[in-house]
Amino acid sequence: MKNVLVVYYSQSGQLEEIARTIAKPLMEDTEVSVTFCPIVLEKSFPFPWKKEAFFDAFPESFLQVPSKIVAPSEEVLAKKYDLVLLAYQVWYLSPSIPVNSFLKSDFAKRLLENTSVITIIGCRNMWALAQEKMKKLLQGTGAQLVGNVALVDRHINHISVITIVKWMFSGEKKKYLGIFPKPGVSEKDILESSKFGKIILKYLKINSYSNLQTELVANDAVEIRPFLIEMDKKANKMFKIWANLIIGKTNSRPAWLKGFNVYLLVAIWVMSPIVYILHLFTYPLKFVKIRKEKAYFQGV
Ligand SMILES: Cc1cc2nc3c(=O)[nH]c(=O)nc-3n(C[C@H](O)[C@H](O)[C@H](O)COP(=O)(O)O)c2cc1C
């Protein structure tokens with residue numbers, strides 16, 4: 001019997017649905033036992049979000065400051081797992097506070113040390129550098145990263161910004177004004193993600209994951225958009241400055257967060273289109289570098 005643990009956090013239920021769909025082929029196999037472990041914070045984040053709370057989560061998300069989590073059940077902690085599926089979302093270009101908090105807890109060390117881990121990302125579309133941070137967090141627990149699946153909103157970047165904001169602030173994953181596409185990962189992509197579970201099951205059974213990521217990528221598990229990587233890198237530099245400026249403030253924190261809000265609007269609606277045009281013009285010059293980067297971020 002193989003023991004598989006699925007660790008996840010989800011506010012809207014999207015990431016839980018993705019994790020359960022991927023885990024389905026494993027659950028249907030009589031030789032595999034699947035245990036689900038939601039991450040629960042002692043002080044939970046609101047959903048739907050209010051604007052102040054949404055921006056207030058920025059400094060601690062980006063600087064990866066952990067919060068206290070509720071201990072997983074004894075039943076979860078008592079078992080030794082052959083494989084862990086870790087489903088996480090990105091908050092401000094970093095693994096979300098709940099997931100970061102879990103990975104920095106003693107529980108994660110106990111559950112993940114010397115264990116193969118497959119990360120499952122469900123986010124808007126900007127996850128590449130968050131996955132680099134995830135690699136470091138996993139190293140800290142002694143886990144081995146053997147695979148990664150990243151499901152995103154495939155619509156144009158700016159459309160996904162509009163629709164996700166509406167979704168996060170209303171709590172409803174539906175077509176904004178009846179004309180915009182539905183926000184987040186599409187129903188089709190979620191439904192079809194069980195194909196990744198079938199691939200994972202095959203490698204779990206042979207207890208070797210050396211070709212897993214290649215097969216996952218061949219089946220569309222990781223789509224890389226070079227422009228988003230460029231934006232991710234640029235935004236990480238700016239977020240670092242803002243987060244370090246804000247984290248030490250107490251009384252003036254709300255005012256600083258308002259400043260960050262304005263910066264974010266300018267970055268998305270003014271700077272990003274300019275970067276996009278420059279990206280298109282310089283694309284032929286950077287072709288080799290982009291191809292190398294694409295292969296790197298598709299790997300583990
Ligand atoms: C505070 C906050 C910040 C976010 N930042 C990002 C981000 O930097 N990149 C991204 O692709 N998605 C971002 N998202 C979207 C999430 O990754 C995720 O897709 C969404 O919150 C739904 O996940 P759920 O399953 O927890 O409901 C953010 C969401 C929240 C709430």
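The values are calculated or read from the model by the stated rules, or taken from the named source; none is laboratory data. The shown structure was predicted, so the numbers you read here are calculated from the model rather than taken from an experiment. Heads up, the Cβs are rebuilt from the backbone with ideal geometry, glycines too, and the neighbour counts pull from every protein chain shown. When the accessible area is computed, the model is the full protein with side chains, heavy atoms only, and any ligands, DNA or RNA have been set aside. Shrake-Rupley method; radii C 1.70, N 1.55, O 1.52, S 1.80 Å.
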>> Go through (1) modelled with pLDDT of 95 or more; (2) surrounded by fewer than 16 Cβ atoms within 10 Å (Cβ to Cβ); (3) not assigned by TED's automatic domain parsing to the domain that holds residue 150 for residue 271 and report which single condition fails.
In response: (1)
>> Restricting to segment 3-27, and then to whatever is open to solvent by 30 Å² or more (accessible area, probe 1.4 Å) and within 21 Å of residue 107 (Cα to Cα), can you tell me which residue is nearest to the ligand (Cβ to nearest atom)?
In response: 10
> Between a first residue in segment 53-65 that is in contact (Cβ under 8 Å) with a residue 12 or more places away in the chain and a second residue that is polar (S, T, N, Q) and assigned to a loop (DSSP other than H, G, I, E, B), which pairs have beta carbons less than 9 Å apart while being 6 or more apart in sequence or on different chains?
Replying inline: 57/96; 60/67; 61/96
> For residues in segment 41-66 being of a type in the set (Lys, Arg) and within 12 Å of the ligand (Cβ to nearest atom), which is surrounded by the most Cβ atoms within 10 Å (Cβ to Cβ)?
Replying inline: 51
>> Quick check on residue 8: is it farther than 30 Å from residue 254 by Cβ, in contact with a Ser or Thr (Cβ under 6 Å, 6 or more places away or on another chain) and of a type in the set (Phe, Trp, Tyr)?
In response: no
>> Looking at 228, 216 in this structure, which one is within 30 Å of residue 283 (Cβ to Cβ), within 13 Å of the ligand (Cβ to nearest atom) and of a type in the set (A, V, I, L, M)?
In response: 228
> What's the number of the condition residue 89 fails, among (1) open to solvent by less than 10 Å² (accessible area, probe 1.4 Å); (2) among the polar types (S, T, N, Q); (3) within 14 Å of the ligand (Cβ to nearest atom)?
Replying inline: (1)
> List pairs: first in segment 128-147 and in the same structural domain as residue 235 (by TED's automatic domain parsing), second of a type outside the set (A, V, I, L, M) and part of a helix (DSSP H, G or I), Cβ under 6 Å, 6+ apart or cross-chain?
Replying inline: none
>> Quick check on residue 162: is it aliphatic (A, V, I, L, M) and open to solvent by 30 Å² or more (accessible area, probe 1.4 Å)?
In response: yes
>> Any residue that is at pLDDT 95 or above, of a type in the set (Ser, Thr, Tyr) and more than 25 Å from residue 32 (Cβ to Cβ) - is there at least one of those in segment 112-135?
In response: no
> Of the residues 257, 264, 228, 245, which single one is touching a Phe, Trp or Tyr at 6+ places or on another chain (Cβ under 7 Å) and open to solvent by less than 40 Å² (accessible area, probe 1.4 Å)?
Replying inline: 257
>> Please go through (1) more than 9 Å from the ligand (Cβ to nearest atom); (2) open to solvent by less than 30 Å² (accessible area, probe 1.4 Å) for residue 145 and return the number of the only condition it doesn't satisfy.
In response: (2)
> Can you name the condition, by its number, that residue 176 falls short on among (1) surrounded by 13 or more Cβ atoms within 10 Å (Cβ to Cβ); (2) at pLDDT 95 or above?
Replying inline: (2)
> Which of the residues belonging to segment 67-86 are within 16 Å of the chain's Cα centre (by Cα) and within 16 Å of the ligand (Cβ to nearest atom)?
Replying inline: 85, 86
